[in-house]
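Each remark here refers to the structure printed beneath this line.
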Amino acid sequence: MNEGLRTREGGRIDRSRGLHFSFDGRAYTGVAGDTLASALLANGVHLMGRSFKYHRPRGVLACGAEEPNALVAVRRDAARYTPNLRATQVELYEGLAAHSQNRWPSLAFDLGAVNDLLAPFIPAGFYYKTFMWPRRAWQWLYEPRIRAAAGLGRAPTEADPDRYASRYAHCDVLIVGAGPAGLAAAAAAAASGARVMLCDEQNEFGGSLLADDPRAAAAIEGRPAPQWLRETSAALGSNARVTLLPRTTAFGYFPHNLLGLNERLSDHLADPHPDLPRERQWQVRAREVVLATGAIERPLVFPGNDRPGIMLAGAARTWLNRYGVLPGTRAVVVTAHDEAYPAALELQAAGVFIASIADVRARDDGSWAARARAAGIPVLTRATVLGTGGRRRVNSILLAQLEGGEAGAQAQPCDLVLMCGGFTPSVHLFSQSRGKLCWDEGLQAFLPGTPAERVRSAGACRGVFALDAALADGAAAGAAAAREATAPARTGVCPSGAAAAAAAPPAAGGGAGFAGALPQPAGARGRAFVDWQNDVTTGDLALATREGFRSIEHIKRYTTTGMATDQGKTSNLNALGIVSCTLGKPIPEVGLTSFRMPYTPVSFGSFAGPARGELFDPVRTTPMHEWARARGAVFEDVGLWKRARYFPRGAEHMHAAVGRECLAVRNACGIFDASTLGKIEVVGKDAVTFMNRLYVNAWTGLAVGRCRYGLLLRDDGFVYDDGVVARVSENRFHVTTTTGGAPRVLAMMEDYLQTEWSDLKVWLTSTTEQWAVVAVQGPKARAVLAGLVDIDLAAAALPHMSVALGRISGVPMRLFRVSFTGELGFEVNVPADFGPAVWEALWDAGQAHDITPYGTETMHVLRAEKGYIIVGQDTDGTVTPDDAGLGWAIGKNKPDFVGKRSLERPAMTSPQRRQLVGLLTTDPQVVLEDGAQVMAQAGARAPARALGHVTSSYHSSVLGRSIALGLVAGGRARIGETLYVSVPAGDIPVQVASPVFYDPQGRRLHA
Amino acid sequence: MQPFSGLALLRRGLSGQRGWTTQWRSPPPKAAYDALIVGGGGHGLGAAYYLASEHHLTNIAVLEKGWIGGGNTGRNTTIIRSNYLFDESAALYDHAVRLWERLSQVLNYNVMFSQRGVMMLAHTVHDAQVFKRHVHANRVNGVDNEWLTPEQAKAFCPLLNTGNIRYPVLGAALQRRGGTARHDAVAWGYARAADALGVDIIENCEVTGIRRNASGAVEGVETTRGTIRAPRIGVAAAGHTSVIMKMAGIELPLESYPLQALVSEPVKPVFPCVVMSNTIHAYISQSDKGELVIGAGTDAYTSYTQRGGLHITSHALEAICELFPMFRRLRMLRNWGGIVDVTPDRSPIIARTPVPGLYVNCGWGTGGFKATPGSAHVFAWTIARDEPHPLNAPFTLERFRDGQLIDEAAAAAVAH
Amino acid sequence: MLLIDCPYCGERPELEFVYGGQAHVARPAQPAQVSAQQWADYLYRRDNTRGVHAERWRHTHGCGRFFNALRDTTTDHFRATYKVGEPPPSAAAPVPR
């Protein structure tokens, strides 16, 4: 450690705890309490990064979240590699390994810096003007090179193993920012008994107090400021109704007082416990919000203002007072604001030689100037900077009096330049909340105006800078917020403009500062940077305005100013000042670019939280899932459900397994888990009326104990869902839906029942998860069930499409005689908890009858052999009942049902609509591909118009050939015709056929 | 128009790039024009450009209430593709892709159209069936689209997680001619080229009323900058179309929803293509600057606020982190919202209206950017000839009355 | 994520609700009697209001009830929520506190 740069005492660091770390592979030592930036500065390292475009050497400009230059990657291991972190926010820990970015081969020697030499030819927006010839070169020549040059850090290449947590919370008052105003607000709110949350992005509370010299600190409430800070924090921490969140950035302000907070839990630890999440995202719904987000010091814009060693005066104070680091030995101060003077005096007291203070303001009567002169520091007024020298560190600065021009310029050697252009209140969150900002001429700043949410601003973020005033402002805001939050009459979430209005802030004590570029004598040269990271200069802004970009949003997009990873925290107001000056329009007329979420960048992982792998979406399984899993079933995702697709034996592939399962059902008996089918109980004295109005079918004539295929349309006339409906009793229907359709069918039913037909006495209950459903299908199905149930299974007693209530193995049951396979079939509905036991009972009973478990793929083949449609596969939201060949289902005498009127629209009745037909390939072994297009002629050339497409296509074992269903224009009239299915290899001739391929008379069904 | 070229940059670089003049003028509105376009986004500016360049209507103006390209043109994720299902859609979007392929040269403005390939992931058997139907339909239509196995998908985008994933990747549809472009440049390029042909581009000019004559035909608009007369008015106002058309007494089958997008901090090239997953709602590419550009879904409710809910953003990032778990440590830099105007069948309306002289181009939902040149081109035709171009003839207003929908969403279960 | 005041349950987060589109779009009592245009208007035409919008929500993951709301679509702030069958409160009414 370079002891010469670390003070002997003072600061908020622990000199007794040395920490080893590395930067670009080189070993250094810091101390506990350091950030990476302060530790590097203590080691005399100023060069920490390279800029985005010109690869200029850069050091730290600021000391916090606004830092644009010192971006590094921190590597814990190959998977825990985090790029683009600000060195000013990276807390030092033992063994920290940081790397510089955007340079090759090294930070000190970067070939990319050739861009800096080309700068005259690559101004803002240059890429819009070139790289257009030859046409195809963009893709293979120019763009890859531009991409390689762009980007900052490298993305990690391995899956992030860390965990991210998420948390919802409510509170009466959320206070953002734990500086003096925020702490005062929290104390006042807590005193009234409100539930308070206080968050701050830094590792410790205190805000601006942390940058003060503790020996010279002001008194707060009669105590030295450090003591007040300690005691106030402790008191809040011991209050059970107060939640304190350090290392927590409020990154977004959403409607209705919802704020997003990002809490960093482990990045500052050398060896975090494996169970500790890396970050936690809070979503806090606050009844009232107090923003005490402070202000950000503004840099000055002058030629050569970007060299390492040139930094904000306040940052230098922080390095000294908080971290005990001397950021240089010989400094020149350039300022437009009083705040640079205490920084200069404190640094001088710590041993830094202050060569001079160049004040760009005209006045020469300020008390600060007098104090500086009394301390032996020359003060130059009406000053400007003509340029600076040095490559990897500033080594000189050229100061001039504004009137003097270059003639009177004096070059001063230095290794540190401090600048202060005033302070920009942090109105980011207020603006995100859609509060109106007002330009304050006296402060030269945008301040919170009319709020759009229940929010107050306090302290520096609304222009109240003086410590006493900020404390009082915070206390008043905290007390008022607590009062409002706990007011009994409070209802609703509407914003209240009056709630947050407060007295206008007092005029700035230290002056308004300066927004824009420092005036330059005519002919001055050298690039003055406005946006450090993106290398946007005053020249770029001038070019943009010259080219006719007048809106600040256009200028931002054309020059990229304010679009870097710091989101313009240090640059936006200067850019605005420059554009205002160029266009001759006042700043408020130029406008302000939008403040967007997030305030500072937030990890994707923090948004994703625990949603990964199995937890990405809920997994729904049926009661019999484990049985299928144990039998080696292959599952498919259907909505949230896992459904057994087939049950391979040994190394069997899907096609073999499905073929075997199909034949088993056709020849003996299959058992199938149909529990995922949606089930809705429709009950009430008007149940039949309700069903009549909703479904296309006629329900009045359906006898108790009988079932009917139900077809549901949307009111636009297209098929929405289908399923078997049983009339269990006079006023009770057991409605089944498709697996994926259950929630939306119930929602649709509720919609009509509650809002259109609220006079009907009907109750709807989802019973999908209450019933386990075991389908037993095949010629031997009756034999399998016979010994288990207390119901007469004879065809006469329980014919096809009927339902009976009874018991199976003693378990209550609704037994459906229905079939989606074309075979004799039963669907056994039992309470879900009994599902596995009943399944096992059926399985055992089936052993004598060659029972075979089958999955959804087999079910699909079996139903396709029978021409039964699957809604969503053979229909697609553009299919009418008639298209699907289901016109027979429509109750012809009903005056209305959902969708009926739409079916009369001209386009819905055209004979040329696509209709469901069977398609049989000439070669019976060729299986068509799903979705393949059906053409009228062979050899059609693109672009050609298809007649339709294949909706379902399988090899049918029982038929020994391929079968397919398709939607074909005017298809039913084409039965017998030969059409052609287009595939890349040519055309496959197919014959249009009836969609029922197997047992068209339905004898097996009625067995 | 000052020609743009590398040589011009070099030459002007010798004199501090001082020689450049305005890319488009900022004229005060004239009292009357031959035609007006309401809406200075890509579709409106492009329509003005094609009106001037192909239909020789140069005494026209584009009226923009804010700054050009400030709506959805500057707020989208810049994905361009044409592998739509229905003949009508595929033809329209593919017309756009063909125009995209030469747009930089035609406009002399580098719109950075990069045909990096758009890969749409299938996560379920149903997805696979739907995508294969697309692939077949597209081939017959002459639109490139191919089916990839999971291994081929992984080879095309090596970062893709095909391991521990809730919804495994069962395959993908890839359109190699698809890709991305630089959104701002599209607005600016059209503006500059149209301006050079004499078109007035009038910013900060909000239309507050539509004037109609005794016969009901349009005769001009009221604006915040005064009355402007014109016998033909084309409205291309995206999310605000309903508001504008109501001024002429026309109610549309439109609803405006918030749609969000976001970018990461820039990183070195890592992501070679565009990947979309409709099933788990993820859309991602990497911009030339290095930012990962990520699209989220729409919010559930209509809104004109240009912002959406945090849970929508979170869901998009859950999906991205599931597909690309190495991106969990990357950070969101910027999030924003647009207002998308959605029709019942998710297809646009580019048509004449019941009001003579009034034309509308709207309903692009989440898919408007990719169509920009094609949409603008046929819209200009429709305005100039008072009849639709064959490509937009099916995209009428009357199709909702007649049930002649072009329902990409229902048919495809694919977001645009 | 909005905070929605269910008239039956009180304030709940948006995640518990499903949006139901524009309110007070009544299904024609006798669809067979209406013209094609009237039917299309019922199915598809929406006010798409920029300003105070009467809309339906359903507290799906709560009481399950549909209700109506007035929401300003330029701010997403609710003016009121009210039960199905009740007339919309005056949009000009003062903002409840």
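Numbers at a glance
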| quantity | calculated |
| --- | --- |
| Total formal charge among the other residues, if their Cβ is under 10 angstrom from that of residue B:124, Lys/Arg +1 and Asp/Glu -1 | -3 |
| Assigned charges on the beta-carbon of Lys, Arg, Asp, Glu; the protein assembly as shown dipole about Cα centre (debye) | 1460 |
| Point-to-point label distance, residue A:756-residue A:167, nm (Cα→Cβ direction, 7 Å offset) | 4.7 |
| Net charge, residue A:554 excluded, C-beta distance under 10 Å - Lys, Arg +1, Asp, Glu -1 | -1 |
| Spin-label pair residue A:234/residue A:16, simplified geometry with 7 Å Cα→Cβ offset, distance in nm | 1.9 |
| Straight-distance crosslink candidates among lysines, where the alpha carbon sits under 30 Å from residue A:866 and sequence neighbours closer than 8 are dropped | A:642, A:679, A:780, A:892, A:894, A:900, B:132 |
| Protection proxy ranking of A:230-238, B:153-161 - average other beta-carbon atoms within 10 Å, highest first | B:153-161, A:230-238 |
| Bridge type composition, the protein assembly as shown - antiparallel percent by DSSP, nearest 5 | 75 |
| Beta bridge orientation in the stretch A:249-403: antiparallel %, DSSP, nearest 5 | 70 |
| Mean ellipticity per residue at 222 nm, deg cm²/dmol - from DSSP H runs of n ≥ 4 across chain A, formula -39500 (n - 2.57) | -5500 deg cm²/dmol |
| For chain C, built as a Gaussian network whose Cα springs stay under 10 Å, the top-fluctuating residue of C:70, C:15, C:43 | C:43 |
| Calculated over the stretch A:911-1007: convex hull of Cα atoms, volume per residue (Å³) | 97 |
| Net charge dipole size for the stretch A:515-596 [Lys, Arg +1 and Asp, Glu -1 on Cβ; Debye, nearest 20] | 80 |
| Counting all C-alpha pairs of the stretch B:342-413, share separated by more than 15 Å (%) | 52 |
| For A:715-722, mean number of other protein chain Cβ atoms within 10 Å | 3 |
| Centroid-to-centroid separation of the stretch A:398-428 and the stretch B:227-300 [C-alpha atoms, Å] | 44 |
| Gain in span if fully extended, residue A:938 to residue A:371, counting 0.36 nm per residue against the direct Cα distance | 194.5 nm |
| Expected 222 nm ellipticity per residue - DSSP helices of 4 or more, -39500 (n - 2.57), all of chain B, to 500 | -9500 deg cm²/dmol |
| Distance histogram in 10 Å bins (all Cα pairs of chain C, percent per bin) | 15, 43, 30, 11, 1 |
| Projected area, mean over directions - the protein assembly as shown, Cα convex hull, nm² | 55.6 |
| Modelled FRET efficiency - R0 56 Å, residue A:348 with residue B:30, Cβ distances, 0.05 increments | 0.30 |
| Unit charges on C-beta of K, R, D, E only; dipole of the stretch A:299-419, Debye | 360 |
| Kyte-Doolittle at least 0.0, axis length at least 15 Å by Cα - qualifying DSSP helices, chain A | A:180-191, A:467-485, A:572-583, A:654-667, A:835-846 |
| FRET E, pair residue B:56, residue B:176, Förster distance 41 Å, beta-carbon r, rounded to 0.05 | 0.65 |
| Label zone at residue C:9 (point 7 Å along Cα-to-Cβ), backbone N below 18 Å, the stretch A:266-287 | A:285 |
| Distance histogram for chain B (every C-alpha pair counted, 20 angstrom bins, percent rounded to whole numbers) | 27, 56, 16, 0 |
| Euclidean distance of C-alpha centroids, the stretch A:637-689 and the stretch A:210-277, integer Å | 57 |
| Label-point separation in nm, residue A:487 to residue B:21, each point 7 Å along Cα→Cβ | 6.0 |
| Förster radius 56 Å - calculated FRET efficiency between residue A:959 and residue B:101 (Cβ-Cβ, nearest 0.05) | 0.70 |
| Lys/Arg +1, Asp/Glu -1 at C-beta; the stretch A:317-408 dipole; positive extreme among A:355, A:324, A:408 | A:324 |
| HN-Hα J in Hz across the stretch A:193-207 - Karplus 6.51, -1.76, 1.60, θ = phi - 60°, x for Gly and Pro | x, 6, 7, 10, 10, 10, 10, 8, 6, 8, 6, 9, 6, x, x |
| Against the rule of thumb 2.2 N^0.38 Å, how large the Cα Rg of the stretch A:3-117 comes out | 1.06 |
| Computed helical MRE - 222 nm, chain C, DSSP H runs ≥ 4 contributing -39500 (n - 2.57), nearest 500 | -2500 deg cm²/dmol |
| Beta bridges per DSSP with both ends in chain B, % antiparallel, nearest 5 | 75 |
| Proximal lysines relative to residue A:585, as straight alpha-carbon distance under 29 Å, when same-chain residues fewer than 8 apart are discounted | A:129, A:436, A:556, A:569, B:30, B:65 |
| Label point at residue C:74 placed 7 Å out along Cα→Cβ; residues across the stretch B:227-243 whose backbone nitrogen lies under 20 Å | B:237-243 |
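No value in this document is a laboratory result; all are computed from the given coordinates. None of these values were measured; they are calculated from a predicted model. So basically every Cβ, Gly included, is an ideal-geometry build from the backbone, and we count neighbours across all protein chains shown.
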